[in-house]
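Below: the structure, in structure tokens.
FYI, it's all coordinate maths here, none of it is from the lab. Small disclaimer: the values here were computed from a predicted structure and weren't measured. A quick note on method: Cβ atoms are made from the backbone with ideal geometry, for glycine too, and the neighbour counts reach across all protein chains shown.
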Amino acid sequence: MESTGITVMEHLLIHQKENPLATGNFTRLLSELIFSAKIISREVKKAGLVDILGLTGKVNVQGEEVRKLDDYANRILIYRMQHAGVLCAMASEENADIIEVPDNLPKGDYLLIFDPLDGSSNIDVNVNIGTIFSIRKRTSDRAFVTLEDFLQKGTTQVAAGYFLYGPSTMLIYTTGNGVDGFTLDPSVGEFLLSHPSIKIPEVGKVYSVNESYRAYWDDKVKAVVDYFKSPENERGKPYTSRYIGSLVADFHRNLLYGGIFMYPADKKDPAKPHGKLRLLCEAAPLAFVVEQAGGAATDGFQRIMDIKPEALHQRVPLFIGSKRDVEKATEIMSG
Ligand code: AHM
Ligand code: MG
């Protein structure tokens, strides 16, 4: 792999000419986001050493337990990004409502949507987790931001990506001009370009789904998963099964090696018929990344990027990864 020694900020400046976003405010936003992620990464690395494991005893807006590190990551991101001077509001997976930048702080036109610590059920067992982010611009020019500013299709994202806290900490992101990956060199505290112009293989070798929910799937979903397991599929042999249960980690592996990640709708919880993953803070940003890498993402019927959200925490079924694999899954689902 090409090793360039270019830092993420140098990379942004080098590409400034072809990327009109890479001017003052966007660069400022990204640099503050990177600094926040370095702090989160530092705390994640210490998770097994300090008394930070366990539950806070609170539940988030989705009714799920919030672990201490989720809470920490959420607070760091909100505090630092509020002070960046380039945002007008944020939305986090952990907060029921939008988070406005207070009037006493300088504001800009950008909106930031994030999942502060995705895959957090894996924290206690030292498995990869991550921060997913989506950057947008507000749609209105009112004095205040409303929910409506956030309910935009994925196609309006100006940038999206994720930080992966694994054996190395990585940043993968797109501004709509391909996807680049950077690895944190802890000795100098910089993200260095390690994976320029990532392209996902057109057909993968891996399928990723939580198969324990099979009894709750409808026949179409069962047919999709059976296709990837069948020796008679277009590949002529079964795909390999890999499922970590940490979306960023499952997505990242499939992005580099090729494959499809699926979190379909299921009937296990009648209150949640639309799968588990959230459109705005999980599905849409990863859909932007995968499409920019040559892959695809649908809800089984339509492109994720084209779905107009109706609620901040809307959930959506997700089929994401190698283009031909996602097309096949969508064909079976819609057939
Ligand atoms: P989280 O944001 O609360 O961590 O939940 C999302 C996670 C994803 O990382 C992962 O893909 C999924 O939940 C796993 O769910 P399940 O245990 O139902 O397979
Ligand atoms: Mg999540």
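Angle of helix 24-45 to the longest C-alpha principal axis of the chain, folded into 0 to 90 degrees and rounded to 10: 70°. Enter the angle in degrees (range 0 to 90, nearest 10) between the Cα long axis of helix 323-334 and the first principal axis of the Cα atoms of the chain, meaning the one along which they spread out most. Helix 323-334 sits roughly 60 degrees off the main axis of the chain.
Under a 5 Å amide H cut-off, with hydrogens placed 1.01 Å from N, residue 277 pairs with 316 among residues at least 5 apart or on other chains. Annotation: amide H-H contacts under 5 Å for residue 190 (H modelled 1.01 Å from N, sequence separation of 5 or more, or interchain): 185. From its DSSP helices (H runs of at least four residues, each -39,500 (n - 2.57)), the chain gives a residue-normalised ellipticity at 222 nm of -8500 deg cm²/dmol. On the principal axes of its alpha carbon atoms, the chain extends 59, 46, 45 Å, with the longest extent given first. With a cut-off of 13 Å on the backbone N, the residues of segment 175-191 near the modelled label site 7 Å out from residue 256 along Cα-Cβ are 181-184.
Amide H to amide H, with H built 1.01 Å from N, residue 129 comes under 5 Å of 165, counting only residues 5 or more places away or on other chains. The angle between the Cα long axis of helix 247-257 and the main principal axis of the chain comes to about 70°, on a 0 to 90 degree scale. If you take all other residues with their beta carbon under 14 Å from the beta carbon of residue 187, and give Lys and Arg +1 and Asp and Glu -1, the sum is +1.
Remark: segment 208-335 carries a charge dipole of roughly 240 debye about the Cα centre, counting +1 on each Lys and Arg Cβ and -1 on each Asp and Glu Cβ.
What is the diffusion coefficient of segment 206-334 in µm²/s, taking the Kirkwood radius over Cα pairs and the Stokes-Einstein relation at 10 °C with a viscosity of 1.306 mPa s? The Stokes-Einstein estimate is 110 µm²/s. Taking all Cα pairs closer than 8 Å and separated by 6 or more residues, the relative contact order of the chain comes to 16 percent.
For residue 328, the shell of other residues with beta-carbons less than 11 Å away shows a net charge of -1, using +1 for Lys and Arg and -1 for Asp and Glu.
Applying the criteria of a DSSP loop state and at most 11 other Cβ atoms within 10 Å to the chymotrypsin sites (Phe, Trp or Tyr not before Pro) of segment 122-167 yields 144.
Annotation for segment 243-335: GluC sites (Glu not before Pro) lying in DSSP loop with at most 12 further Cβ atoms inside 10 Å of their Cβ are 310. Of the cross-linked pairs 107/153; 205/276; 46/276; 38/137, those separated by over 27 Å at the C-alpha level are 46/276.
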